[in-house]
Amino acid sequence: MQPAWKKFSENLDINEKGHLLIGQHDAVELAKEFGTPLYVLDEDMMRLCCRRFNQAMQEHYDGNGLCHFACKALCTMHTARVTAEEGLGADVVSGGEVYTLYKAGFPMEKAYFHGNNKTADEIELAIDCGVGHFIVDNRYELDMLNEIAEKKGVVQKILFRIKPGVDAHVHEFVKTGQIDSKFGVALENGEAEEIHRYALGLKNVQVDGVHCHIASGVFEAGPFLEAAEVMMDFIAKLKEKYGIEAKILNLGGGFGVAYDEEDEPLPIGEYIKQVADTIKRIAKEKGLELPYLVFEPGRAIVAQAGVTLYTVGGVKPIENVRTYVSVDGGMGDNPRYLMYQAKYTALLANKAAEENVAPVTIAGKCCESGDLIQEHVMMPELKVGDILAVLGTGAYNYSMASNYNRIPRPAMVALRGAEKRIVVKRETYEDIIRNDII
Ligand code: LLP
């Protein structure tokens, strides 16, 4: 019988030893060779996801647009290079992300710089690195950017971040499109219109388009279509009232991915087709040029490409309560269960074909009761030394990792065909104390 995870993990399989296969690689061998905890990144899968976005833009919008990898989902020099090679742009949100991409040789004119509180230093760095567009969040940032751009003798291209007032029915922490959000300017109270009017009087910024991002982990096309409609109406208004030509429509990211067999996200092509059709229809109705269309997928590019491998330590059955299985990582490398009760599928990489016998709770090693990776997971008989694999950890795991309890962050190994290569070194205790001054 096929394990349930086969349904949503097209890059995973079980080999003749009954071990989990990631791409062409035996997960148990990877754990042996590189140690655990280990982030495994199936680079072929990441590339396939990039290509699906590119293809969909080609097919449904004549290639009149680009997908930008929201690198907050996974930002390393390696992923920057893969993103560039696949022809995607990038969304960056901090000086650190700008710097990482720049040092990796990313074509910075294809980067959009986000963030609700960019500092003057970050703005300078981004201009110096040649970031293509700023997604301006507020009036304070706008004035500061205009001033810095003037000092540097440049005219910076910008888009404003708009709150379109669309509710995307996801966890409160990852909703961003409604008026009560720290990001951007709202449509419904006239703020968005006002900042565009104000920007017309500034000499060192040039408004190229509009941006919105409604939420993360959205499973239906509906909220994207609603956002597209609201934003197209706004583009029409800007043109009519102020003569502003918003040539770029950036609808953000948020495409949901499957974390277990119950999740059924739309295929990427389907989201993009429906949004593209909506935009074409409204453009025709309102006599507008078709805008250059941008999406910013993060999760949908890397989530499925990631698997985290752990070694099982203590197994603690508590009669009539539950069984805790402790692994050699936890909230330091994956804080998402603690933060969002995020779902994950876990299995034993060295017993991938064995029958599940009982539910367990997977616990991390931090000094914190909430440090769990998942609860109520059906597992085969477990023993110390088993290799536990958590699937779908490519997005927002490494990028949200911490050194809580002074635990070094894991290494990351990238798989491409038969090749495997460390792309992020395992942290050492020396790394942990590097910035301490006694
Ligand atoms: N564009 C903007 C402006 C964003 O704020 C985000 C995500 C994205 C694109 C990419 O969204 P995605 O396609 O990855 O859903 N830490 C949370 C997710 C926070 C997302 C923040 N912004 C998590 O672990 O679920």
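The values are calculated or read from the model by the stated rules, or taken from the named source; none is laboratory data. Just so it is clear, the structure is predicted and the values come from calculations on it, not from any experiment. Don't worry about glycine lacking a Cβ; one is built from the backbone with ideal geometry, like all the others, and counts go over all protein chains shown. What goes into the accessible areas is simple: the full protein's heavy atoms, side chains included, and nothing from ligands, DNA or RNA. Shrake-Rupley method; radii C 1.70, N 1.55, O 1.52, S 1.80 Å.
Check whether at least one residue in the stretch 302-313 is part of a strand (DSSP E or B), open to solvent by 10 Å² or more (accessible area, probe 1.4 Å) and either closer than 22 Å to ALA73 by Cβ or outside the structural domain of VAL210 (by TED's automatic domain parsing) (or both), and report yes or no. Scanning the stretch 302-313, I find at least one residue that is part of a strand (DSSP E or B), open to solvent by 10 Å² or more (accessible area, probe 1.4 Å) and either closer than 22 Å to ALA73 by Cβ or outside the structural domain of VAL210 (by TED's automatic domain parsing) (or both), so the answer is yes. Within the stretch 200-223, being under 26 Å from LYS241 (Cβ atoms) and touching a Ser or Thr at 6+ places or on another chain (Cβ under 9 Å) holds for CYS212, HIS213, ILE214.
As for the stretch 331-343, it holds at least one residue that is within 19 Å of GLY306 (Cα to Cα), charged (D, E, K, R), buried (at least 19 other Cβ atoms within 10 Å of the Cβ) and in contact with a Ser or Thr (Cβ under 8 Å, 6 or more places away or on another chain).
Can you spot a residue in the stretch 286-300 that is away from the ligand (no atom under 16 Å from the Cβ), outside any loop (DSSP other than H, G, I, E, B) and open to solvent by 50 Å² or more (accessible area, probe 1.4 Å)? Looking through the stretch 286-300, at least one residue is away from the ligand (no atom under 16 Å from the Cβ), outside any loop (DSSP other than H, G, I, E, B) and open to solvent by 50 Å² or more (accessible area, probe 1.4 Å). There is no residue in the stretch 263-273 that is part of a loop (DSSP other than H, G, I, E, B), in contact (Cβ under 8 Å) with a residue 60 or more places away in the chain, in the same structural domain as LEU145 (by TED's automatic domain parsing) and within 12 Å of the ligand (Cβ to nearest atom). State yes or no: is LEU74 under 14 Å from the mean Cα position of the chain (by Cα) and either at pLDDT 95 or above or not assigned by TED's automatic domain parsing to the domain that holds ASN397 (or both)? Yes; evaluated as a whole, the condition is true for this residue. Scanning for something part of a strand (DSSP E or B) and open to solvent by 10 Å² or more (accessible area, probe 1.4 Å), does the stretch 394-411 turn up at least one residue? For the stretch 394-411, residues part of a strand (DSSP E or B) and open to solvent by 10 Å² or more (accessible area, probe 1.4 Å): absent. Set side by side, the residues GLY184, GLY217, GLY256 differ, and just one is over 29 Å from ALA126 (Cβ atoms) and of a type in the set (Gly, Ala, Ser), which is GLY256. Taking the listed residues ALA353, ALA414, the one that is in contact (Cβ under 8 Å) with a residue 60 or more places away in the chain and either open to solvent by less than 30 Å² (accessible area, probe 1.4 Å) or charged (D, E, K, R) (or both) is ALA414, with no other qualifying.
Checked against (1) more than 26 Å from ALA258 (Cβ to Cβ); (2) open to solvent by less than 70 Å² (accessible area, probe 1.4 Å), GLU430 passes all but a single condition, namely (2).
Residues are listed down the side, and each one gets a yes or a no for (1) assigned to a strand (DSSP E or B); (2) buried (at least 22 other Cβ atoms within 10 Å of the Cβ):
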{"residue": "VAL40", "(1), (2)": "yes, yes"}
{"residue": "ARG47", "(1), (2)": "no, no"}
{"residue": "ARG52", "(1), (2)": "no, no"}
{"residue": "CYS75", "(1), (2)": "no, yes"}
{"residue": "THR83", "(1), (2)": "no, yes"}
{"residue": "GLY87", "(1), (2)": "no, no"}
{"residue": "GLY105", "(1), (2)": "no, no"}
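For the stretch 224-256, the candidate set comprises residues that are open to solvent by less than 20 Å² (accessible area, probe 1.4 Å) and in a loop (DSSP other than H, G, I, E, B); within that set, the residue that is farthest from the ligand (Cβ to nearest atom) is ILE244.
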